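Remarks on the structure that follows.
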Amino acid sequence: MKRASLIAKLKQEPFDLLVIGGGATGAGVALDAATRGMKVALVERDDFASGTSSRSTKLIHGGVRYLEQAVKKFDRGQFALVRDALHERATLLQLAPHLTRPLPLVTPLYNWFGIPYYRVGLKLYDWLAGKRNLSPSRYLSAKEALKNFPMLKAKGLRGGVLYYDGQFDDARMNVSLALTANEKGAACVNHVQVLELLKEGDRLSGAKVRDRESGESFEIKARVLINATGPFVDSLRKMDDPHCEPMLRASSGIHIILHQRFSPPATGLLIPKTEDGRVLFLLPWLGHTLVGTTDNPAQIEANPKPSEEDIQYIFRHLEKYFDIPVQREDVLAAWSGLRPLVSNPKASDTAKLSRDHVIHISPSGLLTITGGKWTTYRKMAIDAVDQAVKLGKFENIPPSQTETTPLVGAANYSGGLIQNLIDQAGMPADVAQHLVRAYGDRAPKIAEIARQGWGQRLSAHHPYLEAEVIYVAQEELAISVVDVLARRMRLTFLDTQAAQSSFPRVAQILAEILGWDESRLEREREDFAAYLASPSGEIQLAEQSKIAAGGRS
Ligand code: FAD
C-alpha cells in the first residue's frame, strides 16, 4: 500500500493497537498483532530501523557471553534465555532465508587453559540448541584455525574453536517486518512522530502525531498504546506521566567497516576477551569486514556518532590479534548504536520482568516494551501482544502466528534465483547475488526496472542499482535519500565516501518520482549531511550541493 493511503487509514480508523516506534520491537509487535487479526497502526518518527535496529552487530545468536554468565552463576533463567534465543535463531533463518545465513566463527585461543574451557562451553551451546542447531562446534588445531582465518596472528596461537551462529541484514529485516505487517492489514508508517498522548478520563485513547513529510498534525485513536521506542521509552512515558521514574539508561556500541580483504568471505572471528572483558567480533558482511563492538555509557540521542576513542579501542584489538597491518585510512565507515538497558524495571507502578526484556504497564494503560535483543524480537512481540489483549479486554484473539509467517520476499525465494538473474536478465554475478539476498523473490521486479533503462550502478565498486531506488520508493516506503542509502541499501553503513558520491543521483531519481521541489531538495542535502557528519565534522559533503531537481542525467 502507498504511503498516502496508509496515512489516510491512520486518520480514519479507530485501531485496536497503536504501536509507537518502528524498530525491530515495534515492527515485530505490529506483525504479530496483524497476523492475529487485530487492527494495528504503527508510527515511526524517522524511518523503520533508523534507531538501534540498523546499528547492531548483525548476529542472530543465543549469546555465547550470556552462556558464560549462566555457567558461572549456575543461573537457570540465563540458560533458558540462551535456549530460547537459539530457538529463535533457527526460526528467523526460516522466516527470511534471503536476509539471513548461518555463519561459522573461529574463536582463537592463545593459552592452553582456554581450549577445554571454550570447547566445553560451545558444546553446551550446541546442546542447548538441540535439534535446531545449525552445525556442531569443533576444536581446531592452530594450523586449522589459521586456515579458517588466515589474518590471525600466528605467534603464540595454541588452537581455536569453530562454532556457528546466524548473520543477517538488520535494517532490511526490520523494513521487511513492517512491510509484511502492512500486507497483513496493518498501517505501519514511517516519518510520523508522536507528539502527545491523548486520554479519555484517566485512560489513554490515542495520540496526536505529526506527519514529518507533509507537516500535517492529526489524531490516531486506539484502544491500547504500545511504547516500543527503544532508547526513547522514557520520553514517551513522560508524555503519559511527567512524574514517572526513568527505567532506562543507554550504552553505546560502535562498529567500523574495513575492506573485505581483512576477513575471509564466509567465516567470522570472535575475540573472546577484550581489555575490558568483553567480546569483539570481526565478521564478513555484505562484501566487507565489520568489526565491533564497544560498550560505554551514553546520552540518549537520535543519531549517535562513534568517537575517535572508540575507534582506537577497536584498533588496539586488531593490532593484538592480526598479522596484517590495519591503518586508520582503511576505515570505510563507522557507526554507533544505543543499547536500551533497563536499569530500573520496577520504576513507578507495576512492572513485569519477563525474560531479558521488560513489559511495563502504566496506570493509564501505556504498555512499554523494551530490552531484549534483535534475535528475540518475535518473543518480545508475542509477550507484548498477549499483554495488550488482556489490557484491552479483546476477545477471540488467536495465539501468535508469526512462527510460520514468512517475511516479504521469502515465500518463493530460492538460491537458484541468482543464476536466473545472471542467465535470463544478463545481470553481473555480484549484482544478481545482492538483489536476491536483499529482496528475495522480489528481485526479478528490480531486474525488470533495470531492463527499462535503470540498470546503472550507483557506485562503481558496489552492486547497488538505480532501479532499486525506484523500487524502494514505490514499494518499500522510502521517502528520503537516507532511507534509501542507509536502510534499503546499506551503503552509508559500508562506505561513507561511496554513499556521498551516490547522493546526487539518488536525490535526482527520488525528486523525479516523488515530485520534489528545490526547497525539498535542500532539506535532503541538510538531512544527509547531518546523518553522515562525524562528531569532529570532518566528513563533509562537498559536491552534493550542486544537484539539480528532476530529470535524468
Ligand atoms: P530501536 O531500533 O531504537 O527503535 C525505536 C524506534 O522508536 C526508533 O526508530 C525511533 O525513531 C522511534 N521513536 C522514538 N520516539 C518516537 C516517537 N515520539 N514517535 C514515533 N517513533 C519514535 N541484538 C542481536 O540480537 N544481535 C546483535 O548482533 C546485536 N548487536 C547489537 C550491537 C549494538 C552496538 C547494539 C546497540 C545493540 C545490539 N543488539 C543486538 C540489540 C538490538 O539491536 C536491539 O535490542 C534492538 O535493535 C532494539 O530495537 P527497538 O525496536 O527496541 O529500538
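The values are calculated or read from the model by the stated rules, or taken from the named source; none is laboratory data. The shown structure was predicted, so the numbers you read here are calculated from the model rather than taken from an experiment. Positions of Cβ are generated from backbone atoms using ideal geometry, with glycine treated the same way; all protein chains shown enter the neighbour counts. For accessibility, only protein heavy atoms count, side chains too; no ligands or nucleic acids. Shrake-Rupley method; radii C 1.70, N 1.55, O 1.52, S 1.80 Å.
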> If you go through the stretch 282-304, how many residues are charged (D, E, K, R) and surrounded by 19 or more Cβ atoms within 10 Å (Cβ to Cβ)?
Replying inline: 0
> Pairs under 7 Å by beta carbon, first residue without any contact (Cβ under 8 Å) to a residue 12 or more places away in the chain and away from the ligand (no atom under 12 Å from the Cβ) in the stretch 169-193, partner of a type in the set (Lys, Arg) and open to solvent by less than 10 Å² (accessible area, probe 1.4 Å), six or more apart or different chains?
Replying inline: none
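Only one residue in Val279, Val209 is within 12 Å of the ligand (Cβ to nearest atom) and crowded, with 19+ Cβ neighbours inside 10 Å, so which one is that?
Working: Val279 fails: crowded, with 19+ Cβ neighbours inside 10 Å.
Every option except Val209 fails the conditions.
Scan the stretch 434-454 residue by residue and report those that are acidic (Asp, Glu) and open to solvent by less than 60 Å² (accessible area, probe 1.4 Å).
Residues of the stretch 434-454 that are acidic (Asp, Glu), as a first pass: 441, 448.
If the condition is that a residue be acidic (Asp, Glu) and open to solvent by less than 60 Å² (accessible area, probe 1.4 Å), then Asp441 is the only one that fits.
Go over the candidates Pro150, Pro136 one by one and state the one that is in contact (Cβ under 8 Å) with a residue 60 or more places away in the chain, away from the ligand (no atom under 16 Å from the Cβ) and either outside any helix (DSSP H, G or I) or not aromatic (Phe, Trp, Tyr) (or both).
Numbers: Pro136 fails: in contact (Cβ under 8 Å) with a residue 60 or more places away in the chain.
Unique residue meeting the criteria: Pro150.
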> What's the number of the condition Lys305 fails, among (1) out of contact with any helix residue (DSSP H, G or I) (no Cβ under 9 Å at 6 or more places or on another chain); (2) of a type outside the set (Gly, Ala, Ser); (3) within 12 Å of the ligand (Cβ to nearest atom)?
Replying inline: (3)
> Quick one: how many residues across the stretch 64-82 are surrounded by fewer than 17 Cβ atoms within 10 Å (Cβ to Cβ) and within 15 Å of the ligand (Cβ to nearest atom)?
Replying inline: 1
>> Restricting to the stretch 236-265, give me the number of residues that are open to solvent by 10 Å² or more (accessible area, probe 1.4 Å), in contact with a strand residue (DSSP E or B) (Cβ under 6 Å, 6 or more places away or on another chain) and under 30 Å from Tyr118 (Cβ atoms).
In response: 3
> In the stretch 13-63, what residues are acidic (Asp, Glu), more than 6 Å from the ligand (Cβ to nearest atom) and surrounded by 24 or more Cβ atoms within 10 Å (Cβ to Cβ)?
Replying inline: Asp32, Asp47
>> For the stretch 356-382, give me each residue that is open to solvent by 20 Å² or more (accessible area, probe 1.4 Å) and within 13 Å of the ligand (Cβ to nearest atom).
In response: Asp356, Gly372, Lys373, Trp374, Lys379
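Yes or no, residue by residue, for (1) among the aliphatic types (A, V, I, L, M); (2) free of Cβ contacts under 8 Å to residues at least 24 places away in the same chain; (3) not assigned by TED's automatic domain parsing to the domain that holds His98:
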site: Met427; (1), (2), (3): yes, yes, yes
site: Asp441; (1), (2), (3): no, no, yes
site: Gly453; (1), (2), (3): no, yes, yes
site: Arg457; (1), (2), (3): no, no, yes
site: Ile470; (1), (2), (3): yes, no, yes
site: Leu477; (1), (2), (3): yes, no, yes
site: Asp483; (1), (2), (3): no, no, yes
site: Phe493; (1), (2), (3): no, no, yes
> Among Arg223, Arg261, Arg237, which is touching a Cys at 6+ places or on another chain (Cβ under 6 Å) and not hydroxyl-bearing (Ser, Thr, Tyr)?
Replying inline: Arg237
> How many of the residues making up the stretch 346-355 are at pLDDT 55 or above and touching a strand residue (DSSP E or B) at 6+ places or on another chain (Cβ under 6 Å)?
Replying inline: 0
